[in-house]
Structures are given as structure tokens and as C-alpha cells.
Amino acid sequence: MRVFASMSGARLEEAGLPLNQYGSLGEFFARALRTDCRPIDPDPKTLVSPVDGRVQGVEIIRHGMIVQAKGLDYPVRELLAGVGEELNLEGGVCMTLYLSPSDYHRIHTPAASKISEARWVRGRMHSVAPSVLTRKIVLPINERCVLRLDTDQGPLLLVLVAALNVARLIVNDVEPNWSGLVEPALTRERGAELGRFELGSTVIVIAPAGMVEPDASLTPDSAVRMGRRIARWVP
């Protein structure tokens, strides 16, 4: 584990436990952090990053398509696999965040919300590394879990995309293979833990048109940390 941490750049000083208390590499990959490591942006008018990672893209949905990389786009409805079918997403915002093996791999709630729908989609396990996304369509065909988060400001869609070597994708209190409404809906506070990946993967946040304005600091390949502002609700 120490060799992996050194090679990947994982920050041991942020880990919630001493290294010798992790029973396996899998436990270390999905480690919790010290409670003081990721303060949540105090402004309630903002959405916070659900993960540590890097910005793969911030796009406007046009003609029903999302840009994965220059010259490669795909239908948003294929990614969502039926979740939020009644929502008008044209002109909406899509924020794609990539997690590398060095990152913290737990997923948190970008806004106070209720998880009202969850759909597990079986698929491929292609790498989601940025170098791969420039060559082939991956995000709408990989295994993933699509969540609908109902907030006081409106619905958000959160897509958790599995990747090469990511054998486990866990959503707290949602059974694997679940597909449909979550009843009763699961209430989550802003910044609360939603689940976790092993190794690296991708999280996509989608908001219908007119709901949010992405933060100007979200430029391609810029680093984000869980809890920092990524967007602001539009009044």
C-alpha cells in the first residue's frame, strides 16, 4: 500500500486511518478521509463537488448531445438510461469529473436532496482516462448507476460511471441492480456521503436549463476537491 500510495500520489496524511490499519488495497482505495480535510462551501446557494478529481468538461446540452471530447459526442438520454425521461434537458448543464487512482474515491451529495430514483446499468468496463475519452465513446456504454436527486431548486441527475478495474460501485442504502423509484426517497444533506468507487472513475452532474451557473474556475483539467463550489443556483 505504501508503494502504491507513493506511485499514485495518494496523500497519506489525509487518510482517516494509519496505513497499517487497512486490511487490503481495496480498503485503502475506498478510504475515508480525516473529518477536517474537505470543508463544505458554506454558501447554501452553491452546489459543491461530489468528488475529488479533475474537470473533464463543462458542457451545454445541445440537440440532446453531450460532448465527451473534441469530435466525440453522445446522446444524453443514452447516458441516463431512462432516468428523468420527462425532464427537458435541452440547454442544460453537464459537468464531467474524472477520478484518477490517486484521488479520494468516496462520492458525496452536491446539494441537499432526496434520492427518488436509481438505475443500475450493466455495461462495459473501459478505462475512463482522458486519453481514452479522446479516442472512443465510453461514458454511455460503461457500467454505471444513474441517480435522480430532487432538491428545493429542482431535479439534478448524477451519473456514477464505473471503469477499468473498478469491480465495485457502491451507493449507500441502494441495492445493487436496483432499477426504478426509491420509496421512500432517501434524504441526504449537502456534502453527505453517497457511496464509493474502487480505483478511478467518473462522475457526471447534469442540471436542466436555467437551474445552475457553473463556476468560472471549472476549466478543462482543473483540479476539484469534494466540498468546493462547482456551480451556483440561478435565482
Considering residues that are at positive phi and touching a Lys or Arg at 6+ places or on another chain (Cβ under 7 Å), the number found within the range 43-81 is 2
Checked 128, 132, 121 against criteria (among the β-branched types (Val, Ile, Thr) and out of contact with any Ser or Thr (no Cβ under 9 Å at 6 or more places or on another chain)); the one match is 132
Among 185, 163, 209, the single one that is in the same structural domain as residue 101 (by TED's automatic domain parsing), at pLDDT 95 or above and in contact with a Ser or Thr (Cβ under 7 Å, 6 or more places away or on another chain) is 185
- Task: Kindly indicate whether residue 219 is closer than 17 Å to residue 50 by Cα and in a loop (DSSP other than H, G, I, E, B).
- Result: yes
May I ask you to verify whether residue 10 is farther than 28 Å from residue 133 by Cα, buried (at least 16 other Cβ atoms within 10 Å of the Cβ), touching a residue at least 12 places away in the same chain (Cβ under 8 Å) and among the small types (Gly, Ala, Ser)? no
The residue from 161, 128, 132 that alone is touching a strand residue (DSSP E or B) at 6+ places or on another chain (Cβ under 7 Å) and either surrounded by fewer than 16 Cβ atoms within 10 Å (Cβ to Cβ) or over 16 Å from residue 206 (Cα atoms) (or both) is 128
Is it fair to say residue 196 is within 16 Å of the chain's Cα centre (by Cα), of a type in the set (Lys, Arg), outside the structural domain of residue 14 (by TED's automatic domain parsing) and outside any strand (DSSP E or B)? no
Being more than 13 Å from residue 204 (Cα to Cα), touching a residue at least 60 places away in the same chain (Cβ under 8 Å) and in a strand (DSSP E or B), is that true of even one residue in the range 97-108? yes
Reported set for the range 68-87 where residues are under 18 Å from residue 144 (Cα atoms) and either in contact (Cβ under 8 Å) with a residue 12 or more places away in the chain or of a type in the set (A, V, I, L, M, F, W, C) (or both) is 68, 74, 75, 76, 77, 78, 79, 80, 81, 82, 83, 84
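Within the range 136-152, can you find the residues that are part of a strand (DSSP E or B) and not β-branched (Val, Ile, Thr)? Walk me through it before giving the result.
We begin by selecting, within the range 136-152, every residue part of a strand (DSSP E or B); these are 142, 144-151.
Those that are part of a strand (DSSP E or B) and not β-branched (Val, Ile, Thr): 142, 144, 145, 147, 148, 149, 150.
To keep it simple, each residue is scored yes or no on (1) surrounded by 20 or more Cβ atoms within 10 Å (Cβ to Cβ); (2) on the phi < 0 side of the Ramachandran plot; (3) in contact with a Cys (Cβ under 7 Å, 6 or more places away or on another chain).
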{"position": "179", "(1), (2), (3)": "no, yes, no"}
{"position": "182", "(1), (2), (3)": "no, yes, no"}
{"position": "185", "(1), (2), (3)": "no, yes, no"}
{"position": "189", "(1), (2), (3)": "no, yes, no"}
{"position": "202", "(1), (2), (3)": "yes, yes, no"}
{"position": "206", "(1), (2), (3)": "yes, yes, yes"}
{"position": "209", "(1), (2), (3)": "no, yes, no"}
{"position": "212", "(1), (2), (3)": "yes, yes, no"}
{"position": "218", "(1), (2), (3)": "no, yes, no"}
In the range 55-81, residues that are within 18 Å of the chain's Cα centre (by Cα) and loosely packed, with under 15 Cβ neighbours inside 10 Å total 1
Fill in: Flag if residue 126 is touching an Asp or Glu at 6+ places or on another chain (Cβ under 8 Å), of a type outside the set (Phe, Trp, Tyr), within 23 Å of residue 168 (Cβ to Cβ) and not assigned by TED's automatic domain parsing to the domain that holds residue 17
no
inquiry  = Given the condition small (Gly, Ala, Ser) and closer than 18 Å to residue 117 by Cβ, answer yes or no: does some residue in the range 166-174 qualify?
reply    = no
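The values are calculated or read from the model by the stated rules, or taken from the named source; none is laboratory data. All of these numbers come straight from a predicted model, not from anything done at the bench. Counting neighbours? That spans all protein chains shown, and the Cβs are built from the backbone with ideal geometry, glycine included.
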